[in-house]
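For reference, the structure is listed below as structure tokens.
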Amino acid sequence: MKTIMPQGNGFSLQLAARGRLLLSGLGLAAAIGLSACSSPAKFEPAPLAAPAALLGANLAWSTQVGTSGTSLTPLATAGRVFVAGASGTVAALDADTGKDVWRVDLRTGISAGVGSDGQTAAVITQTNDLVAIADGRELWRVRLPARAFTAPLVAGQRVFVLTADRSVTAFDGRTGARLWSQARPGEPLVLGQSGVLLAVGDTLVAGLSARLTGLNPLNGTIRWEALVASARGTNEVERLVDLVGTVSRQGDSVCARAFGAAVGCVDTSRGAVVWSKPARGSTGVHGDDRMVFGTESDGRVVAWQRASGERSWEIERLKYRELTSPLAVGRVVAIGDSKGLVHLLSREDGSEMNRLSTDGSPIVGAPVLAGQTLVVQTRNGGVYGWRPQ
């Protein structure tokens, strides 16, 4: 379930999987159709043929972290996989064995995470606390001024946070002291799902509304802004075009999705949009130096040429399966679905290479690659790692 949060008032807008916008709070109740953003419930998931098994993969390990929300996705870095459960568990796993390097229970719900540089990990609690952890112990926590749905970015001994009021704030990684904050006024509604926050060279890149924005990480000043999509609707809901994670980065090229509107690529060395193409999806993209891959809201999988934005291929056999963001790795594109399956598709034409099974609950976030291990996390809290045969 996607959530759209109004800024500055007391009610919430929730976008359910059936493509309806539900308004609740302050005694109000209404339903408004929103067909662009999610697959309608009246359509059953497309039936699947027998798995092709053209590419062998063995389950190397699995573990549990407790139930997971859509903003709790695994992070792979420095030979570790960092994971979190909604009830408060945060763990660093050895990428080869899946065994705990450390594990801690924060004893409070977690709403976004995990971010890490391999040593310090950071999550955001459901009470808006930013918590930093190292070696299985809490270093510090600070209260944020607004909710956050995007995992913190830990880099350069700092922790960066993108909050739902479209502010980016930097904290000292050792002490939690607030260093700076940059706010961009925008539309009154924001998406309650993971946004865009990454480092590109010496620039902090954030998704602020429909703009990919380059910031100086030392003081938060804006270096450039690139408009990935333009709002076209007639009301606040239809005009919502927040950038959503994950993104595809190759050198200075960063490609991202604007919710329900477009996919585009930006040259971050110049802060210029290279191309932007209409696309009606709600999850992030991934890719390589030749192509960018994404899943549309009805379950179509699309490959765009990275240089021009022209479509290379498109498949429909996974329609209405509520697909995750993709991961391009080796010969395949890995995509999770709402039935706990991971589909391995040929990056050349989208043909099926294999299909992997988990615990049957939805895959949350995008698959990640930790060394030679493909890792996914499920709604029921399972974490699974596969390696090629």
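The values are calculated or read from the model by the stated rules, or taken from the named source; none is laboratory data. Remember, it's a predicted structure, so these values are computed and weren't measured experimentally. Using ideal geometry, Cβ is built from the backbone for each residue, glycine included, and neighbour counts are taken over all protein chains shown.
Taking the criterion of being at pLDDT 95 or above, within 16 Å of Cys255 (Cα to Cα) and surrounded by fewer than 19 Cβ atoms within 10 Å (Cβ to Cβ), would at least one residue in the range 291-305 satisfy it? Within the range 291-305, one or more residues are at pLDDT 95 or above, within 16 Å of Cys255 (Cα to Cα) and surrounded by fewer than 19 Cβ atoms within 10 Å (Cβ to Cβ).
Residues in the range 334-370 that are part of a strand (DSSP E or B), under 16 Å from the mean Cα position of the chain (by Cα) and surrounded by 20 or more Cβ atoms within 10 Å (Cβ to Cβ): Ala334, Ile335, Gly336, Ile363, Val364, Gly365, Ala366, Pro367, Val368. Checked against the criterion of being over 22 Å from Ala366 (Cβ atoms) and among the β-branched types (Val, Ile, Thr), the range 238-253 has no qualifying residue.
Being modelled with pLDDT of 95 or more and closer than 28 Å to Leu374 by Cα is a condition met by at least one residue of the range 162-181. Return yes or no: is Ser276 closer than 19 Å to Gly251 by Cα, crowded, with 17+ Cβ neighbours inside 10 Å, among the polar types (S, T, N, Q) and within 20 Å of the chain's Cα centre (by Cα)? Considered against the rule, which asks whether it is closer than 19 Å to Gly251 by Cα, crowded, with 17+ Cβ neighbours inside 10 Å, among the polar types (S, T, N, Q) and within 20 Å of the chain's Cα centre (by Cα), Ser276 comes out as yes.
Counting only residues that are assigned to a strand (DSSP E or B) and over 20 Å from Asp242 (Cβ atoms), the range 279-301 holds 4 of them. In the set Arg107, Arg18, Arg103, only one residue is of a type in the set (D, E, K, R) and either assigned to a strand (DSSP E or B) or at pLDDT 95 or above (or both); that residue is Arg103.
Yes or no, residue by residue, for (1) of a type in the set (A, V, I, L, M, F, W, C); (2) buried (at least 21 other Cβ atoms within 10 Å of the Cβ):
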position: Gln64; (1), (2): no, no
position: Ser71; (1), (2): no, yes
position: Gly79; (1), (2): no, no
position: Phe82; (1), (2): yes, yes
position: Asp94; (1), (2): no, no
position: Trp102; (1), (2): yes, no
position: Arg107; (1), (2): no, no
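Of all the residues in the range 279-310, those that are basic (Lys, Arg) and either over 17 Å from Ala334 (Cα atoms) or in contact (Cβ under 8 Å) with a residue 60 or more places away in the chain (or both) number 2. For the range 39-96, which positions are within 26 Å of Val332 (Cβ to Cβ), free of Cβ contacts under 8 Å to residues at least 40 places away in the same chain and either assigned to a loop (DSSP other than H, G, I, E, B) or among the aliphatic types (A, V, I, L, M) (or both)? Those that are within 26 Å of Val332 (Cβ to Cβ), free of Cβ contacts under 8 Å to residues at least 40 places away in the same chain and either assigned to a loop (DSSP other than H, G, I, E, B) or among the aliphatic types (A, V, I, L, M) (or both): Pro47, Ala50. The residue list Asp105, Asp172 contains one member that is over 19 Å from Leu197 (Cβ atoms) and of a type in the set (D, E, K, R), which is Asp105. Identification of strands (runs of 3 or more DSSP E) wholly contained in the range 129-188 with 1 or more residues that are closer than 19 Å to Arg107 by Cα yields 129-134, 137-143.
Of the residues Leu144, Leu75, Leu130, only one is in contact with a Pro (Cβ under 8 Å, 6 or more places away or on another chain) and either at pLDDT 95 or above or under 18 Å from Gly173 (Cβ atoms) (or both); which? Every option except Leu130 fails the conditions.
Okay, residues lined up against (1) out of contact with any Asp or Glu (no Cβ under 6 Å at 6 or more places or on another chain); (2) closer than 20 Å to Met291 by Cβ; (3) at pLDDT 95 or above; (4) surrounded by fewer than 24 Cβ atoms within 10 Å (Cβ to Cβ):
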| residue | (1), (2), (3), (4) |
| --- | --- |
| Ala199 | yes, no, yes, yes |
| Ala210 | yes, no, no, no |
| Glu225 | yes, no, yes, yes |
| Thr234 | yes, no, no, yes |
| Glu238 | yes, no, no, yes |
| Ala256 | yes, yes, yes, no |
| Val266 | yes, yes, yes, no |
| Gly271 | yes, no, yes, yes |
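Being surrounded by fewer than 20 Cβ atoms within 10 Å (Cβ to Cβ) and either in contact with a Lys or Arg (Cβ under 6 Å, 6 or more places away or on another chain) or modelled with pLDDT under 95 (or both) is a property that Arg317 lacks.
When residues in the range 208-251 are screened for being in a loop (DSSP other than H, G, I, E, B), within 21 Å of the chain's Cα centre (by Cα), of a type in the set (A, V, I, L, M, F, W, C) and within 23 Å of Ala170 (Cα to Cα), 1 of them pass. Scan the range 110-133 for residues that are surrounded by fewer than 16 Cβ atoms within 10 Å (Cβ to Cβ) and in contact with a Ser or Thr (Cβ under 6 Å, 6 or more places away or on another chain) and the total you get is 2.
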